Amino acid sequence: MLIAGAGMAGLCAAARSRELGGSPIVLEKGSRPGGSMLLSSGVVWRYRSLDEFRAQCPGGDPRLQELVHGRLDEGLEWLEAIGAPVLAQETGNPLTTGVRFDPKGLTEALVRAAGDVRLGQPVTVTVTVTDQPLLLATGGFQGDPDLVERFVRPAAALRLRANRWSAGDGLRAGLERGAGLSEGLDEFYGRNMADVDFGEPDFVPLAQVYGRFARIFNDLGEEFIDHNDVSWSEIDLVQATAHQPGARAWYVLDDEALDERVRERTVREIVAEAPTRIEPADLPFPAPEGAVVAVRVAAAMTHTIGGLRVDEQARVLDGGGAPIDGLYGAGADVGGISTGGYASGLASALVLGRVAAEAAAS
């Protein structure tokens, strides 16, 4: 089996393939394995019930949602069995259940189990000429500004809050083989970040995840979304921000908002560390009554939600819905799972990566 991409999906597929007697080869165009998994918080989770999954992601494919929901727990046990270090056996969210792994240790455990992982490989060339079963797991297309412009259509260039190598190689390779595309190609998971330049170490510290407690304005002073309507994940807020002038927004907070909590911290503590916080009088529009502080944020993309269409065996489907012989998809290269909402990308990668290996072996 040939696997394009050494992120969560690709490494899980390779490790499972070896367990089944295969000799997979993982091709990664980047200089390290792990993809954006290595940069994440390491939480792999599902909604507590399938009904809740459907309610939170109403546009997703019910068959794929049932697959991910039904097979995640065994996947989590499998990760622990191959030596992935666990930091917590809970998510801190009453809607979800899952496990928090150490991202570095998780990557190292999967690389050991995966075997033949080759870095710096020209994936876009190799994957189109193989006669082996091929898994596309290159991590989505958020790293390609042209594809983002074509499908997401933001008002301005979006910051990248992910590894820079996930640039649509899997999507292009699938399309060359006649693949169909899922719903939700204009959707993405990301965060509104403090509007400054940032690097990989800043992905978590600079995320401003308290918009649901703030009043939210664009640079023109328009309150473009009601904070009472913002979801718990704030994915709808970051997507809405992407379509505002400059793909930016202002979070304007009063004392009541500052006293709210985001997990173990108050909003006041988070805002105190935001490099773009200002006094309300310095806003480019009249401050609302009661405002005590404002923070300028910009939309940043972590991974795409739309992508290649697959079935319950992770087989890539053509435009008519028929499986393409020998072609599989997993991770953020696949779309149609969390359309209309938010679900764990690492969970989908884990499940579909293992499923692809099993299907190819059979």
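Annotations for the structure displayed:
- Unique residue being at pLDDT below 95 and either at positive phi or under 21 Å from the mean Cα position of the chain (by Cα) (or both) when the list is THR107, THR124, THR91, THR97: THR91
- Among residues of the stretch 14-39 that are more than 15 Å from GLY353 (Cα to Cα), those with a beta-carbon under 6 Å from a residue that is β-branched (Val, Ile, Thr) and open to solvent by less than 70 Å² (accessible area, probe 1.4 Å) at least six positions away or on a different chain give the pairs LYS29/VAL123; PRO33/VAL111; PRO33/VAL117; LEU38/THR107.
- Matching option when the condition is open to solvent by less than 30 Å² (accessible area, probe 1.4 Å), modelled with pLDDT under 95 and of a type outside the set (A, V, I, L, M, F, W, C), among ASN228, ASN192, ASN218, ASN163: ASN163
- The selection criterion, being touching a Pro at 6+ places or on another chain (Cβ under 7 Å), open to solvent by 20 Å² or more (accessible area, probe 1.4 Å), modelled with pLDDT of 95 or more and not in a helix (DSSP H, G or I), does not hold for TYR342.
- Residue in the stretch 42-50 that is surrounded by 22 or more Cβ atoms within 10 Å (Cβ to Cβ) and not in a strand (DSSP E or B) present: yes
- For the stretch 195-208, the set of residues classified as at pLDDT 95 or above and β-branched (Val, Ile, Thr) consists of VAL196 only.
- Unmet criterion (only one of (1) modelled with pLDDT under 95; (2) buried (at least 22 other Cβ atoms within 10 Å of the Cβ)) for GLY319: (2)
- Extreme residue, surrounded by the fewest Cβ atoms within 10 Å (Cβ to Cβ), among residues of the stretch 322-339 that are on the phi < 0 side of the Ramachandran plot and either in a loop (DSSP other than H, G, I, E, B) or in contact with a Cys (Cβ under 9 Å, 6 or more places away or on another chain) (or both): ALA322
The values are calculated or read from the model by the stated rules, or taken from the named source; none is laboratory data. Not measured: the values here are computed from a predicted model. Glycine also receives a Cβ, built like all others from the backbone with ideal geometry; neighbour counts cover every protein chain displayed. Surface areas here come from the heavy atoms of the whole protein model, side chains and all, with no ligands, DNA or RNA. Shrake-Rupley method; radii C 1.70, N 1.55, O 1.52, S 1.80 Å.
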